[in-house]
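Asker: Here it is, the structure, as structure tokens.
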Amino acid sequence: MLRPPSPKTPPYIARIERIECDAANRVKMWCRWYYRPEESMEGRRQFHGVKELFLSDHYDGCYPEAVESLCSVHSLKEYAYLSAVEEEDFFCRFEYNASTGVFAPERVAVYCKCEMPYNPDNLMVQCEDCKDWFHPECVNLPSHGVESMREFICPDCS
């Protein structure tokens, strides 16, 4: 994580691609930047997780004194299986072309009756019969009791 110019701005997140010395013999890092959803052309969407980042095609050089701390950027699958999400944990499922606003992959799997991509911040339940995933509120389940349910059968299968 790199120090932003303003204390009101969240830290910048970058992947260090290489380290070299500049013409003045100072250590310089070449970074590939991650963007937050609200920094993309489309902005934050409902299915974006709070800790979601997009790996961009934007590269820059910066100096080590700008580094504030280390963080981990996981795949979505790795992130979903973390036993505890720490402040320095983030996830990435898209690459982002900063000049065109195009994402790769262009499409992701959707779930539930609402047909939204998976968001690890939102609770989902799996139907024991069809194996589809649903948000409790989309199938009229109270979210407070879902974690203690022994099994769930969706409305289409019951």
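Asker: Once Lys and Arg get +1 and Asp and Glu get -1 on their Cβ, which of Pro105, Pro4, Phe152 lies farthest toward the positive end of the dipole of the chain?
Answerer: Ranked along the dipole, the leading option is Pro4.
Asker: If you count, for each residue, the other Cβ atoms within 10 Å and average over each peptide, how do 60-66, 80-86 line up from highest to lowest?
Answerer: 60-66, 80-86
Asker: Share of the chain's accessible area from carbon and sulfur, percent, 1.4 Å?
Answerer: After summing per-atom areas, the C and S share lands at 50 percent.
Asker: Name the residues of the range 14-39 whose amide N is less than 17 Å from a point 7 angstrom out from the Cα of Glu106 along the C-beta direction?
Answerer: The answer is none.
Asker: Quick one: what does P(r) look like for the chain with 5 Å bins over all Cα pairs, in whole %?
Answerer: Using 5 Å bins, I get a P(r) of 2, 8, 15, 16, 16, 13, 10, 8, 5, 4, 2, 1, 1, 0, 0 for the chain.
Asker: Counting heavy atoms of the protein chains only and a 1.4 Å probe, report the per residue accessible area for the range 1-83 as a whole number of Å².
Answerer: Ligands and nucleic acids excluded, the figure is 63 Å² per residue.
Asker: Right, another one. Considering only protein heavy atoms, with the full assembly of protein chains and a 1.4 angstrom probe, order Glu20, Glu147 by accessible area, largest first.
Answerer: Largest accessible area first, the residues go Glu147, Glu20.
Asker: Find out how many positive minus negative residues lie around Ser40, taking Lys and Arg as positive, Asp and Glu as negative, among other residues whose Cβ is under 15 Å from that of Ser40.
Answerer: Spelling it out: positives minus negatives among the neighbours equals -3.
Asker: Compute, for the range 101-158, the length of the dipole vector about the Cα centre, with Cβ point charges of +1 (Lys, Arg) and -1 (Asp, Glu) only. Units Debye, rounded to 20.
Answerer: The calculation lands at about 60 debye.
Asker: Principal axis lengths of the range 32-122 from Cα atoms, whole Å, largest first?
Answerer: Projected onto the principal axes, the Cα atoms of the range 32-122 cover 48, 36, 17 Å.
Asker: Hey, another quick one. With a cut-off of 8 Å between alpha carbons and a minimum separation of six or more residues, what is the relative contact order of the chain in percent?
Answerer: 16 percent.
Asker: Still on this model: Give the distance, in whole Å, between the Cα centre of the range 68-116 and the Cα centre of the range 136-156.
Answerer: 25
Asker: Still on this structure, I have one more. Let me spell out the model: positive unit charges on the Cβ of Lys and Arg, negative unit charges on the Cβ of Asp and Glu, origin at the Cα centre of the range 10-158. What dipole size does that give, in debye rounded to 20?
Answerer: Charge dipole of the range 10-158: 240 debye, to the nearest 20.
Asker: Glu137 to His58: extension gain in nm, 0.36 nm per residue of separation minus the Cα-Cα distance?
Answerer: Extra length available between Glu137 and His58 comes to 24.6 nm.
Asker: So for the chain, taking the charge dipole from beta-carbon charges (+1 Lys/Arg, -1 Asp/Glu), which of Leu123, Cys62, Phe90 sits furthest toward the positive end?
Answerer: Final value for the positive-end residue is Cys62.
Asker: Where Lys and Arg each count +1 and Asp and Glu each count -1, what net charge lies around His58 among other residues with Cβ under 14 Å from its Cβ?
Answerer: -2
Asker: Next question. Which parts of the range 138-158 would a label at Met116 reach, counting a residue when its backbone N lies under 15 Å from a point 7 Å out along Cα-to-Cβ?
Answerer: Counting backbone N atoms under 15 Å from the label point, the list is 138-141, 143.
Asker: Full-extension gain between Ala84 and Trp30, please, as 0.36 nm times their residue separation minus the C-alpha to C-alpha distance.
Answerer: Gain on stretching Ala84 to Trp30: 16.4 nm.
Asker: Related question: Over all distinct Cα pairs, what is the inverse of the mean 1/r for the range 102-157, reported as the Kirkwood hydrodynamic radius in Å?
Answerer: When all Cα pairs of the range 102-157 are included, the Kirkwood radius is 12.2 Å.
Asker: Next question, about the same structure. Report, for the chain, the % of DSSP beta bridges that are antiparallel, rounded to 5.
Answerer: Within the chain, antiparallel bridges account for around 70 percent of the total.
The values are calculated or read from the model by the stated rules, or taken from the named source; none is laboratory data. Please read these numbers as outputs of a predicted model, since none were measured by experiment. Methodologically, a virtual Cβ is constructed for each residue, glycine included, from the backbone with ideal geometry; neighbour enumeration extends over all protein chains shown. Areas reflect the complete protein model, heavy atoms only, side chains present, ligands, DNA and RNA absent. Shrake-Rupley method; radii C 1.70, N 1.55, O 1.52, S 1.80 Å.
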